[in-house]
Amino acid sequence: MPGDESLEELLAQTALGRRAAFDRLYERTCAKLFGVALRLLKDRAEAEDALQEIYVRIWNRADSYAVTGASPMSWLIAIARNHAIDRLRARKPAHEGPEAADHLPDPAPSPEQRAIASGESQRLARCLGRLEADRAQAVRGAYLEGYSYSELAARHAVPLNTMRTWLRRSLIKLRECLEE
Amino acid sequence: MSDDPRRTDLPEDDSALAAEYVLGVLDAAERATVQQRIARDKDFARLVAEWEQHFAALNDGFAEEAPPPQVASRIGRQLFTDDDSQPARSPGLWASAAFWRVMTAAALACVVFIAAVLWQPTPTGEPPGTLVANLSSEETAERFVVVYEGATMRLRALHVAGKPVENMDFELWLIADKADPVSVGVIGGEAATPLPEGVGEPVDGTVFAVTLEPLGGSPIEGPTGPVVAEGTAKKI
């Protein structure tokens with residue numbers, strides 16, 4: 001019954017080449033994925049182009065969904081984020097660098113932190129909480145805003161290699177905590 | 001690139017690299033390298049998937065925003081031909097996870113029947129010969145399904161029941177008319193792959209077997225490990 005299917009079912013039907021299922025999948029998920037593209041790309045026209053390519057990828061790759069074991073929404077968001085970040089990185093050559101090592105304020109840590117409520121979210125929040133505040137902020141900024149290493153280095157006013165080293169160390173710590 | 005400063009700061013850590021990729025902090029060239037690795041290294045791909053799961057907890061931070069309606073029509077134009085019922089890509093049933101889920105859910109005895117029902121011959125010319133083999137063993141819980149599409153000479157093998165074995169690979173063998181087993185490759189990728197060179201085309205009655213082998217497959221020409229499942233290909 002249209003409207004009643006789970007996203008898993010819609011993806012499975014999409015993998016079989018059923019356009020109606022794909023259309024319903026689009027209806028149900030496009031606002032979230034457009035939100036992802038818009039937040040990362042910060043440009044409406046480009047986010048629209050990106051959204052088109054994201055759904056073309058979803059159509060072509062729906063058959064690989066089952067093997068990932070992710071929830072359908074996080075699988076779709078991963079495709080959207082990956083594509084948007086590929087666009088961001090293609091847009092700005094790394095050597096161009098951020099304008100100045102200004103201490104630009106990071107976005108208020110509000111929406112994502114407010115949303116963090118249960119289970120997996122709590123675990124990640126707890127583990128991010130064990131990192132130094134600026135490092136946790138760098139992780140969130142990279143995930144939600146699409147900051148590259150060089151942008152993070154500029155924001156936190158540290159040399160690029162320092163940023164690489166401490167973010168990597170933070171990620172290793174984060175993994176240890178998540179595995180506890 | 002031994003002068004890459006990153007290499008000297010910290011020991012290589014695949015998990016941290018996977019996390020950097022998922023976070024998106026790498027530059028374009030590094031991302032391209034990682035993407036190639038994801039495609040060929042399933043252990044690394046698993047690390048990436050794990051980090052995607054961990055960070056998915058932050059996904060609530062992305063606010064929803066309705067895209068303008070023309071995006072949907074642009075997607076429709078790009079993917080579908082004028083005839084709405086004909087998708088631009090061939091769905092490739094044998095390459096579809098949904099197809100495999102149906103296969104797994106069904107009693108395996110019905111596999112050939114289901115495949116026959118789901119199989120839609122290409123609209124032009126003769127329907128391509130398609131073979132399905134259902135591989136199992138009374139001694140193990142491992143089950144595999146192999147589908148070979150004659151029209152494209154591509155084969156797909158999927159592990160549908162049982163468990164991966166750590167630090168080992170399952171390798172698929174083709175045994176033509178009591179000849180020695182010929183390796184078709186290690187089972188792992190999701191994609192249908194062309195039949196390797198030197199492997200004769202399977203026919204109705206060809207036997208497929210799966211053995212447990214060291215990572216990357218048997219180091220010698222023939223199998224070295226135990227047979228965990230076997231079955232005979234049937235034309236559908």
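The values are calculated or read from the model by the stated rules, or taken from the named source; none is laboratory data. The structure presented is a predicted model; accordingly, all values stated were derived computationally and were not measured. Glycine gets a Cβ as well: all are built from the backbone with ideal geometry, and neighbour counts include every protein chain shown. Just the protein is used for accessible areas: all its heavy atoms, side chains included, with ligands, DNA and RNA removed. Shrake-Rupley method; radii C 1.70, N 1.55, O 1.52, S 1.80 Å.
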Diffing the range B:216-225: the Karplus 3J(HN,Hα) column from phi (6.51, -1.76, 1.60, θ = phi - 60°), in whole Hz with x for Gly and Pro, holds x, x, 4, x, 10, 5, x, x, 10, x
Treating only Lys and Arg (+1) and Asp and Glu (-1) as charged, each at its beta carbon, one finds that the range A:7-91 has a dipole about its Cα centre, in Debye to the nearest 20, of 220
About its Cα centre, the range B:149-195 carries a charge dipole, from +1 on Lys and Arg Cβ atoms and -1 on Asp and Glu Cβ atoms, whose size in debye to the nearest 20 is 120
For the residue B:60, residue B:180 Cβ pair and Förster radius 51 Å, calculated FRET efficiency rounded to 0.05 is 0.35
Checked the range B:5-61 against the a/c 1.5 cut and the a/b vs b/c comparison, axes a ≥ b ≥ c from its Cα gyration tensor; verdict prolate
Between residue A:123 and residue B:204, the FRET efficiency computed from the C-beta separation at R0 = 41 Å comes out, to the nearest 0.05, as 0.20
Log entry, pair B-A: total buried accessible area, probe 1.4 Å, protein chains only, in Å² rounded to 100, is 6200
Among B:26, B:55, B:38, the residue whose Cα sits farthest towards the positive end of the charge dipole of the range B:5-61 (+1 at Cβ of Lys and Arg, -1 at Cβ of Asp and Glu, taken about the Cα centre) is B:38
Carbon plus sulfur, as percent of the 1.4 Å-probe accessible area of the range B:173-230, comes to 55
The ³J(HN,Hα) series, computed from each phi in the range A:172-177 with the Karplus coefficients 6.51, -1.76 and 1.60 at θ = phi - 60°, rounded to the nearest Hz and given as x for glycine or proline, is 5, 4, 4, 4, 4, 5
Plugging the Cβ-Cβ distance of residue A:43 and residue B:215 into 1/(1 + (r/R0)^6) at R0 = 51 Å yields, to the nearest 0.05, a FRET efficiency of 0.70
Share of accessible surface on carbon and sulfur in the range A:7-91, whole %, 1.4 Å probe and ligands ignored, is 48
